[in-house]
1. Would the range 263-275 turn up any residue that is of a type in the set (K, R) and at positive phi?
2. Does the range 364-399 hold any residues that are of a type in the set (G, A, S) and within 16 Å of E171 (Cβ to Cβ), and which are they?
3. Do you know which residues across the range 376-399 are under 29 Å from S272 (Cα atoms) and surrounded by 14 or more Cβ atoms within 10 Å (Cβ to Cβ)?
4. If you check every pair at least six apart or on different chains, which have Cβ atoms under 7 Å apart with a residue in the range 225-239 that is in the same structural domain as A293 (by TED's automatic domain parsing) and of a type in the set (G, A, S) first and a residue that is assigned to a strand (DSSP E or B) and at pLDDT below 95 second?
5. Of the conditions (1) more than 30 Å from T351 (Cβ to Cβ); (2) surrounded by fewer than 18 Cβ atoms within 10 Å (Cβ to Cβ); (3) more than 30 Å from the chain's Cα centre (by Cα), Q156 satisfies every one except a single condition; which number is it?
6. Would you please name the residue that is surrounded by the most Cβ atoms within 10 Å (Cβ to Cβ), looking only at residues in the range 243-282 that are under 25 Å from the mean Cα position of the chain (by Cα) and among the small types (G, A, S)?
7. Please determine whether any residue of the range 122-145 is in contact with a helix residue (DSSP H, G or I) (Cβ under 9 Å, 6 or more places away or on another chain) and under 20 Å from V395 (Cβ atoms).
8. Kindly state which strands (runs of 3 or more DSSP E) lie completely within the range 205-261 and contain at least 1 residues that are of a type in the set (V, I, T).
Amino acid sequence: MGEWKSIRLKDIANKVREKNSSEEYDVVFSNSALNGIVIQTDFFDKEIANKANLKNYTVVKKNDFVYNPRISRLAPCGPINKNNTQYTGLVSPLYKVFRVDAEKCNLNYIEHYFSSSIWHRYMNSVANYGARSDRMNITDVNFFNLKIELPNPKEQEKIATILSTWDKAIELKEKLIEQKKEQKKGLMQKLLTGEVRLPGFDGAWKKVKLKDIASINKRSLNNKTNDDYEYYYYDLTSVDNGQVTHPAKKIKYKDSPSRARRIFEKSDILMSTVRPNLKGFAYIDFDANDCIASTGFAVISTKRKEESKLVYYHLFSERIETQIKRLLVGSNYPAINIKDVENLQIAYPPTCEERKRVSEIFSIVDNEITLLSKKIFELQLQKKGLMQLLLTGKVRVKV
């Protein structure tokens, strides 16, 4: 089957140094850990790049690789992605651009290799984080001296095909999630407005303000709190579009930031009042003992706990989105206050039973999305295990 060989990146790749000196190109790319190399204007509301500085940007052609040194949970060493678009464009000079010789290495194989823990270990061994903890700094010399394990060309192609099969399975599940989200969005427009009624229910819906059906920030820590009281602190980064990241450990009151004040419990809703258009909202479905949220949240506690989820789903509705946009117009600081939250209006079914049934329908869709997300996680773990075996030669493939 042939022996594997250990080479250096510089043996198969060269740094791209071409700048936009003639201002020939105006397509600007971003290198995202989640979406790969994307055209900025396709993913952002406004252009991030300063047109006046584009002459300093690096030219990226099809199949060129781009390294973004910004680290994140999804890319612990910063993402390296191949330009799979049909365009020649530009990237920020903060990125490292290099071109792999397709005659020396299968490009799909090396693309998988760059996302492996094997490669990440090599990068960590020469990295310098410097003053910016969110960036991994590696000199060009160290970067291009990093090792790569290469089998023969046919085995590279076979390994790339196997790993791409897992990518396609993950992509399929991601598309199903997007379909479910669109289905949920359509249901919200109909069921949260009373436009469509569930069988067996009638009577007019009424408009209510949140303060009519819920308490906002019912309980908070005060200055008399014991300095040694320990709790889990949830800041604004802990909540993202319905998902809650649980703190790893407790902190003491005396060591906590001054914003750590909001007490919340199971069935409450956390609503970010800072940049609320980003929908940092979450329904608390766990026993929230010793849990404290930032004052950047409004804690919504419905008078009927069983109706809390219905209020939570309303926060993602077009009606609430429109009200929040109106409140933010002309504001230099994108935030709303507690009075704003209290006065947000929603449409409410006339009976408890109908409120419960509407909420259950959205919960079913949410559960389907959760199951698909778990499946994606399982597939990602399977792929990670395969990469560890196939990209090291511990398991060989027949060619």
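The values are calculated or read from the model by the stated rules, or taken from the named source; none is laboratory data. What you see is a predicted model; the values in this text were computed from it and never measured. Don't worry about glycine lacking a Cβ; one is built from the backbone with ideal geometry, like all the others, and counts go over all protein chains shown.
1. Residues of the range 263-275 of a type in the set (K, R): 266, 275.
Checking the rest, the ones that are also at positive phi come to 275.
Checked against the condition, which is being of a type in the set (K, R) and at positive phi, the range 263-275 yields at least one hit.
2. First, pick out the residues of the range 364-399 that are of a type in the set (G, A, S): 373, 385, 393.
Hit for the range 364-399 is S373, nothing else.
3. Of everything in the range 376-399, just one residue is under 29 Å from S272 (Cα atoms) and surrounded by 14 or more Cβ atoms within 10 Å (Cβ to Cβ), namely I376.
4. From residues that are in the same structural domain as A293 (by TED's automatic domain parsing) and of a type in the set (G, A, S), the pairs are S238/V244.
5. (2)
6. A282
7. The answer is no; no qualifying residue exists.
8. Ranges flagged: 206-209, 214-216.
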